[in-house]
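Presented below is the structure to which this report refers.
Computed from the coordinates by the stated procedures, all read-outs in this text should not be read as laboratory data. Model, not experiment: these values are computed from the prediction. Here the Cβ is made from the backbone with ideal geometry for all residues, glycine too, and neighbour counts use every protein chain on show.
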Amino acid sequence: MNNQRPINNTNASFEASLNRNKGKLITIGIILLLVFVLINESVFIVGEAEQSVVSRFGVIKRIVINKQNDFHDRYADLLKDEITLTDGVDIEVGSGLHFKVPFMDKVETYSSRLYTYISDSEVVNTAEKKQYYVQTYAQWYIADPALFSLKLGSMTSAENQLDNLIHPVIVQAINRMTAEDFVSNKDALNASLAKGLTTVNDDMAQRGIEVKDIQVHRTILPNANIESTYARMQADRAKVAQQLRSEGEEEYRKAVSGSDLEARQIEANAVSESGTVRAEAESQAMKIYAEAYSVDPEFYSYWRSLKALEESLNSKATLVLDQNHPLWSELLAYATSQTPIQ
């Protein structure tokens, strides 16, 4: 029992002290809460993919945009009369922590990411009145949150405004193109859409929106046009194939003609060279014959007679010659003039 008295006295003392300082503690808590509320009302955070509008009593005072956003520089001529390029609105660049006047400034935050617009599928005519079901799409983003907030205010209004501009631009571009260019010539289609993109941005820039890309999302042929379109595509492919075959045949003829010309040149050079070699050989042979004849004219005459006889006789031939015949007389004269072998 004696051990419990000090503990009870301590608790009683603490409670008495707490009761005496209760008012001070409540006051400190209120002050801390007010400080927290004041700090919370004095700062705001803008994320990397966000942009903000700061207004005071309904009047826009400044906007916070991304570092990559050069919208106001590129469209300065179109925005020269808008509030974001006047002296009353400041443009701050960069995300992170920003300050505002507590309880007076209101902050609205918008995403700076790309949004995708997709239209409904509608029938579109080409220049020759061929029909296609066309669906379009676009990539866009909020470039000026102040203008977007004042003139559009919501994503639904932005989508409606884009629908009123983008789809007619694409329809007009297709109306000026032939079916062949629309289906096969992507360069021509993209060039036409690029002009339309400029027209759309000239209008949407004043509403704080920039469209980055416009394309044909999907093209479907009506049943009545499918067969004729397939036939035209087949004709186009056949035309291309015939052109490739013609070019191949032309290259083949050029190759064959070149080879024939080269062969004839080689043959002519060979004939010319062989004639030169033959003439030189015959000249050399005649020189040898002449030298041999000058050494022993009688033997040479005898040898020529033998060669003549050899060439004129075959295995079954019989040659009858008079002893005065030149061939026979020369042979007898040479044979009889030689000294008998001992």
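Quick one: if you take sqrt(5λ) for each eigenvalue of the C-alpha gyration tensor of the stretch 44-111, what semi-axes come out, biggest first, whole angstrom?
20, 16, 8
On a straight-distance basis, which lysines could pair with K239 in a cross-link, Cα separation under 29 angstrom, same-chain partners fewer than 8 positions away excluded?
Answer for K239, where 29 Å is the Cα cut-off: K129, K130, K186, K254, listed by chain and number.
Give the calculated FRET efficiency between K67 and Y115 to the nearest 0.05, with a Förster radius of 22 Å applied to their Cβ-Cβ distance.
Numbers: r = 20 Å, r/R0 = 0.92.
Efficiency at R0 = 22 Å is approximately 0.60.
Compute the Kirkwood hydrodynamic radius of the stretch 76-214, taking the inverse of the mean of 1/r over all pairs of distinct Cα atoms, and give it in Å to one decimal. Numbers along the way, then the final one.
Numbers: mean 1/r = 0.0585 Å⁻¹.
After inverting the mean inverse Cα-Cα distance, the result is 17.1 Å.
Using 23 Å as the Cα-Cα cut-off, could you pick out the over-long pairs in K151/K212; K22/K100; K80/K151; K80/K106; K100/K212? Mind dumping the intermediate values first?
Details: K151/K212 20 Å; K22/K100 35 Å; K80/K151 16 Å; K80/K106 25 Å; K100/K212 32 Å.
Violating the 23 Å limit, Cα to Cα: K22/K100; K80/K106; K100/K212.
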